[in-house]
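Peer 1: Have a look at the structure that comes next, please.
Rule-based calculations on the coordinates, nothing more; no lab input. These figures come from a predicted structure and were not determined experimentally. Here the Cβ positions follow ideal geometry from the backbone for every residue, glycine too, while neighbour counts run over all protein chains shown.
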Number of protein chains: 2
Amino acid sequence: MSMTKIPLEYAIGVDIGGTNTKCGIVNRRGEVLQYEQLSTPEYENPEAFVDALCVRLNLMIEKVGGIELIKGIGVGAPNGNYYTGTIEYAPNLRWVGVVPLADMISQRMGLATALTNDANAAAVGEMQYGAAKGMRDFITITLGTGVGSGIVANGQLIYGHDGFAGELGHTIIRPGGRPHWSTKLKGSLEAYASATGVVLTAREMLLNEPEKPSMLRKYNLEELTSKQIFDCAMQGDEISQAVYRFTGQILGESLANFVMFSSPEAIILFGGLIKAGSLIFDPTIEHMERNLLPIFKNKVKVIKSDLHEADAAILGASALVWEMKQSSSSL
Amino acid sequence: MSMTKIPLEYAIGVDIGGTNTKCGIVNRRGEVLQYEQLSTPEYENPEAFVDALCVRLNLMIEKVGGIELIKGIGVGAPNGNYYTGTIEYAPNLRWVGVVPLADMISQRMGLATALTNDANAAAVGEMQYGAAKGMRDFITITLGTGVGSGIVANGQLIYGHDGFAGELGHTIIRPGGRPHWSTKLKGSLEAYASATGVVLTAREMLLNEPEKPSMLRKYNLEELTSKQIFDCAMQGDEISQAVYRFTGQILGESLANFVMFSSPEAIILFGGLIKAGSLIFDPTIEHMERNLLPIFKNKVKVIKSDLHEADAAILGASALVWEMKQSSSSL
């Protein structure tokens with residue numbers, strides 16, 4: 001409120017993952033000026049984690065010229081609730097119950113803090129700096145260890161009445177199908193179109209066709225990785241390529257359902273699985289188109305994210321800051 | 001813009017169906033003051049239809065006190081596009097291609113005219129006058145001859161980038177399953193949870209268990225109706241009740257997917273199928289809950305529309321008028 005207030009120039013992005021927490025200071029063009037990371041599971045309770053995080057944030061803030069230049073903090077976290085700024089019962093974190101993380105960080109740092117789940121943050125990042133610039137209706141889907149998603153409609157992120165909308169990885173696409181290792185739901189998208197899902201599909205195919213030669217057979221089936229399947233597919237291995245075709249089919253059928261829900265201009269894919277390029281994109285688009293009503297056919301762009309993968313999580317989290325209402329920037 | 005402008009008090013609602021077009025004049029409380037209807041397929045081309053419609057609208061307008069009292073016209077129509085005001089390739093109408101119906105009506109009547117698909121209109125009606133009053137996140141699903149839907153998130157109807165969002169009846173819930181009689185898509189929700197779908201399920205069950213006694217066997221299988229199945233179910237007929245359990249399962253699994261998309265506060269059901277009460281609601285809710293992630297369980301209300309069925313289509317269409325921007329009310 002003071003007359004001499006310096007214009008706010010930077011946003012802090014914090015991405016909390018089950019393994020690492022990454023944080024950075026970002027400008028409006030999406031350049032990451034400072035970067036730090038810490039090991040999430042090292043901290044037994046949220047208080048110890050926030051202590052360690054704030055040490056790093058202060059270090060970075062000093063390097064860019066002081067807290068007056070920071071507009072706020074955006075946090076992406078599993079099961080993050082935008083409305084309450086809490087992390088609620090996140091299965092991949094050690095901290096139990098409901099953790100009021102945005103408040104804890106905001107109080108320690110004296111900066112407005114917004115929090116949402118990591119996949120929603122990715123969508124805001126895509127809208128602010130990436131492939132969805134200027135779009136008002138799109139969906140981002142991260143195909144990594146799990147399947148995350150963020151939905152933007154009418155230019156706004158869809159949070160739902162409770163802040164948890166956009167769990168597309170857990171929609172059922174094969175009722176009665178493959179049980180999910182963690183949720184136990186049967187036939188969810190994530191059970192197929194994630195790194196774990198791809199490995200399970202390859203194992204099933206190798207076991208179902210024991211006579212069929214495959215480069216994958218040189219690996220221990222129990223230790224097979226999605227990276228190995230990708231490498232073999234690129235070298236022309238038939239079973240490995242069939243794994244991608246099947247994964248693309250499941251993903252494409254799911255995308256068709258999502259299109260009939262919110263009719264997006266584009267679906268932006270992100271994450272390890274899309275490194276396979278046309279091996280995954282071609283069957284995905286084919287099966288999406290095949291399952292669409294005529295009014296939706298040949299309209300929806302299925303594209304790669306153009307955010308740097310290393311920075312994307314921080315960029316997404318930081319983008320929450322630019323979306324903050326002016327009033328929330330002063331505590 | 002004139003200083004003596006009389007306050008606009010009424011909205012006109014027009015619901016165009018494959019069989020009948022219903023129109024009425026409605027006040028802000030959702031009371032239908034005037035009502036007319038005409039046979040849609042009687043008119044070979046949209047021009048003849050608009051002529052006949054406008055005769056009726058003018059008749060009603062005169063009865064309520066003149067055109068100065070009318071704020072605008074809302075139209076619900078199959079394949080109606082909100083952004084362009086056009087009906088595009090509607091499979092149930094005789095008129096081919098893209099029909100600029102909102103413009104045609106607006107020019108003839110000198111009143112601002114908004115148009116959307118009938119199911120979206122129903123959602124706006126539910127928000128304005130019905131069970132969704134005060135809600136910002138909900139989904140309405142009409143279980144009638146077909147399955148229609150309207151999605152509201154952040155207090156706004158989701159139109160999608162092209163105006164066609166919310167075709168939930170055509171999402172696939174049984175990949176490779178029952179082919180839809182019109183779209184040819186396999187395993188869509190509408191193929192099961194519509195009046196036609198219920199009849200197909202009953203026929204399948206009667207043929208699959210030829211030894212099992214059922215009241216339904218007294219009817220000609222080719223002429224079976226959903227009304228007969230409902231009556232037999234109410235009288236305790238086992239196969240008829242199994243038809244509702246199966247239909248509810250499919251619907252419930254679909255609802256779980258929709259919840260994981262937009263996390264609505266409520267799902268509001270409407271249409272002939274829900275007359276079966278707990279016969280359909282119980283299995284629907286059971287299977288929805290069973291397929292939800294823990295964070296969504298026991299949160300989403302599945303409720304009946306509280307709009308009068310006879311008036312609902314007109315109310316929904318008229319509600320579009322109250323949503324119009326002030327500027328669009330003067331042409």
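Peer 1: Do the alpha carbons of any pairs in B:133/B:299; B:71/B:325; A:22/A:184; B:186/B:304; A:186/B:297; B:22/B:325 sit beyond 21 Å of each other, and which pairs?
Peer 2: Cα-Cα > 21 Å for A:22/A:184; B:186/B:304; B:22/B:325; rest within.
Peer 1: May I ask you to derive the relative contact order of the stretch B:135-305, considering only C-alpha pairs under 8 Å and at least 6 residues apart, and to give it as an integer percent?
Peer 2: Reported as a whole number, the value is 23 percent.
Peer 1: Could I ask something else about it? For the stretch B:143-211 and the stretch B:221-257, what is the separation of their Cα centres, given in Å?
Peer 2: Measuring centre to centre over Cα atoms gives 14 Å.
Peer 1: Round to the nearest 10 and give me the degree value, 0 to 90, for the angle of helix B:118-129's Cα axis relative to the longest principal axis of chain B.
Peer 2: 70 degrees
Peer 1: Right, another one. May I ask for the angle, rounded to the nearest 10°, between helix A:278-290 and the longest principal axis of chain A, with both axes built from Cα atoms and the value confined to 0 to 90°?
Peer 2: Taking Cα atoms only, the helix is inclined about 80 degrees.
Peer 1: With +1 on each Lys and Arg Cβ and -1 on each Asp and Glu Cβ, and nothing else charged, work out how big the dipole of the stretch A:134-305 is about its Cα centre, in Debye to the nearest 20.
Peer 2: With Lys and Arg at +1 and Asp and Glu at -1, about 120 debye.
Peer 1: Label position 7 Å from Cα toward Cβ: report the copy-to-copy distances for residue A:156 in nm, one decimal, ordered from shortest.
Peer 2: 0.7
Peer 1: Follow-up. What FRET efficiency do you get for residue A:309 and residue A:38 if R0 is 22 Å and r is their Cβ-Cβ distance, rounded to the nearest 0.05?
Peer 2: 0.65
Peer 1: Continuing with the same structure: What value, in deg cm²/dmol to 500, does the helix sum -39500 (n - 2.57) over DSSP H runs of n ≥ 4 give at 222 nm once divided by the residues of chain B?
Peer 2: The per-residue figure over chain B is -11500 deg cm²/dmol.
Peer 1: Label-to-label distances across copies for residue A:45, with labels 7 Å out along Cα→Cβ, in nm, shortest first?
Peer 2: Its label point is 7.9 nm from the equivalent points in the other copies.
Peer 1: Using 0.36 nm times the number of residues separating residue A:83 and residue A:55, minus their current alpha carbon distance, what extension gain do you get?
Peer 2: Residue separation times 0.36 nm, minus the Cα-Cα distance, leaves 7.5 nm.
Peer 1: I'd like to compare B:58-69, A:267-278: which one has the highest average count of other Cβ atoms within 10 Å, and what's the full order after that?
Peer 2: The peptides rank, most packed first, as A:267-278, B:58-69.
Peer 1: Could you give the length gained by full extension between residue B:67 and residue B:103, i.e. 0.36 nm per residue of separation minus their alpha carbon distance, to one decimal place?
Peer 2: Extra length available between residue B:67 and residue B:103 comes to 11.2 nm.
Peer 1: Can you tell me which lysines have their Cα less than 23 Å from the Cα of residue A:218? Leave out same-chain residues fewer than eight positions away.
Peer 2: Partners within reach: A:227, A:275.
Peer 1: Related question: Using a Förster distance of 56 Å, how high is the FRET efficiency between residue B:231 and residue B:322, based on the Cβ-Cβ distance and rounded to 0.05?
Peer 2: It comes out at approximately 0.90.
Peer 1: Using only the Cα atoms of the protein assembly as shown, build the gyration tensor, take square roots of its eigenvalues as a ≥ b ≥ c, and label the shape rounded, prolate or oblate: rounded if a/c is under 1.5, else prolate if a/b is larger than b/c, else oblate.
Peer 2: Oblate, because a/c is 1.5 or more while a/b does not exceed b/c.
Peer 1: If contacts are Cα pairs under 8 angstrom and at least 6 residues apart, what is the relative contact order of chain A in percent?
Peer 2: Normalised by residue count, the contact order of chain A is 20 percent.
Peer 1: How high is the relative contact order of the stretch A:5-135, given as a whole-number percent (alpha carbon pairs under 8 Å, six or more residues apart)?
Peer 2: Value for the stretch A:5-135: 24 percent.
Peer 1: Now for a separate question. Report for the protein assembly as shown the percent antiparallel among DSSP-assigned beta bridges with both residues inside it, nearest 5.
Peer 2: 60 percent
Peer 1: Hey, another quick one. I'd like the Karplus ³J(HN,Hα) series for the stretch B:238-245: coefficients 6.51, -1.76, 1.60, θ = phi - 60°, whole numbers in Hz, and an x wherever there's a Gly or Pro.
Peer 2: 5, 4, 4, 5, 5, 4, 5, 4
Peer 1: If you don't mind, there's one more thing I want to ask. Between residue A:48 and residue A:223, what is the FRET efficiency for a Förster distance of 51 Å, r being their Cβ-Cβ separation, to the nearest 0.05?
Peer 2: The formula returns an efficiency of 0.90 here.
Peer 1: Enter the mean number of other protein chain beta carbons within 10 Å of the beta carbon of each residue in B:153-159, as an integer.
Peer 2: Mean shielding by partner chains, rounded to a whole number: 6.
Peer 1: In debye, nearest 20, what is the charge dipole magnitude of chain A about its Cα centre with +1 on Lys and Arg Cβ and -1 on Asp and Glu Cβ, if you could check?
Peer 2: 520 debye
Peer 1: Something else about it: What is the angle, in °, between the Cα long axis of helix A:195-208 and the longest principal axis of the Cα atoms in chain A? Nearest 10 is fine, range 0 to 90.
Peer 2: Its long axis makes an angle of about 10 degrees.
Peer 1: Largest first and to the nearest Å, give the Cα extent of the stretch A:134-305 along each principal axis.
Peer 2: Largest to smallest, the principal-axis extents are 51, 32, 25 Å.
Peer 1: Hey, another quick one. Just counting partner chain Cβ atoms within 10 Å, what average do the residues of peptide A:143-152 show around their Cβ?
Peer 2: 1
Peer 1: Now for a different question. From the label point of residue A:18, set 7 Å from Cα along Cα→Cβ, how far away are the matching label points in the other copies, in nm, ordered shortest to longest?
Peer 2: Values, ascending and in nm: 4.7.
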